[in-house]
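The values are calculated or read from the model by the stated rules, or taken from the named source; none is laboratory data. What you see is a predicted model; the values in this text were computed from it and never measured. Here the Cβ positions follow ideal geometry from the backbone for every residue, glycine too, while neighbour counts run over all protein chains shown. In case anyone asks, the SASA skips ligands and DNA or RNA and just uses the protein heavy atoms, side chains included. Shrake-Rupley method; radii C 1.70, N 1.55, O 1.52, S 1.80 Å.
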Amino acid sequence: MNPNEAIVDALQRAADHSPFLRHAIERNADLTALLAAGDLDGAIALAKRRGEDAESVGAGLRRERAALALVLAVGDLAGLLSMEVVTRELSDLADRALDRAIAAAIAERTPDEAPRGFAALALGILMTLPIGGADMPVVISLYNAFTGLAVAFEGYVQGNVALIIAGTVVGAAGTLLTRLMAKAMNRSISNVLFSNFGSGGGGSSEIAGSMKPIEAGDAASLLYMAEKVIIVPGYGMAVAQAQHKIWELSQQLIKRDKTVKFAIHPVAGRMPGHMNVLLAEAGVPYDLIADMDDVNPEFATCDVAIVIGANDVVNPVARTDKSSPIYGMPILDVINARQVIVIKRGKGAGFAGIENALFYADNCRMLYADGQEAANRLIAELKGIDSGGGH
């Protein structure tokens, strides 16, 4: 698929899965035309000018935010924008929002739009963007705790006991969850907040070898011959909304007397418990879902491990490369499986911005496809093998 086709496909997917982006596409025909033509740089420049003729600071910020979100989302879905570009553009947007909000507050031009609220929002974004990377689940938990504390303080000021109790409970739960997440990452809270972990790969060692692709038919043959299969979901599965298809694939394997388990890393996805919620939504029985500490010893006896959308949480450099920014982070021992199939849209890095040594391992094969598409193809190939017409 060439870049223009990838962008057109990304536009369609964005419109199908997000009402916000669909509305942005409908209201920004000129921007959509630039995207369809493959002019990402021109689209970004136009998005930044979108709010110049707005009737107020707030309206201008909203228009610019919607237009820029559309460009960045489509560019990311098409695999044509790096995380560094997305982070830089969002940081610039937050800077502009903060500047305009402060200027409006000083000039008292928009008292009805609460410019101090814009300033507070921009400040929060600017505090969060430098963190990024695989630390984000920890930061989300911490901000949940801050939200609870804010509600508790408001209850104290207003003399509202219900707000005090509710805020304290939320704050305490968020604090405990933050500590658990930080422990799962093997990092301290201060290290998460002030080390700029997600800014890039740092001085990680070069990885020898190459990624080895595999066709769906060959992958299905590996699954057909396997006795034990462990599935490792990650954020990519959530983006593709593939949890239902992955469970359907699992059911096909179970019907063929395969042992199937789902391995969950504590910080897989964008927030704590993200994968557990998605699998529960798909109807996966709880007894098939295993935590990292319980499932890690089982990879040594696993015939095939399927990794769908997970990256940093299965990267073996976390144990082997002291120069890596994720060194010391507990990981799932997927590399110990006899065969590994990684379902991935492209060759991009994970949240931490570093290459994954697992993808270059001799026992690993890459099935390049969207999560739903890959699961559908594997299911069809398995059925084809049963009927004697498969690979």
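Selection within the stretch 305-318: residues that are farther than 17 Å from Pro137 by Cβ and out of contact with any Phe, Trp or Tyr (no Cβ under 8 Å at 6 or more places or on another chain). The member of this set that is surrounded by the fewest Cβ atoms within 10 Å (Cβ to Cβ) is Pro316. Is at least one residue of the stretch 182-201 crowded, with 18+ Cβ neighbours inside 10 Å and at pLDDT 75 or above? Yes: the stretch 182-201 contains one or more residues that are crowded, with 18+ Cβ neighbours inside 10 Å and at pLDDT 75 or above. Contact map, the stretch 229-254: first residue under 16 Å from Val334 (Cβ atoms), second residue of a type in the set (Asp, Glu) and part of a helix (DSSP H, G or I), Cβ cut-off under 6 Å, separation 6 or more or different chains; the map is empty.
Looking across the stretch 337-391, the residues that are among the hydrophobic types (A, V, I, L, M, F, W, C), assigned to a loop (DSSP other than H, G, I, E, B) and either open to solvent by less than 40 Å² (accessible area, probe 1.4 Å) or modelled with pLDDT of 95 or more (or both) come down to Ala337, Ala352, Ile354, Ala361, Ala369.
In the stretch 33-43, which residues are in contact (Cβ under 8 Å) with a residue 24 or more places away in the chain and surrounded by 20 or more Cβ atoms within 10 Å (Cβ to Cβ)?
Within the stretch 33-43, Leu35, Leu40, Ala43 qualify.
Residues that are open to solvent by less than 50 Å² (accessible area, probe 1.4 Å), assigned to a helix (DSSP H, G or I) and at pLDDT below 90 do occur in the stretch 143-153.
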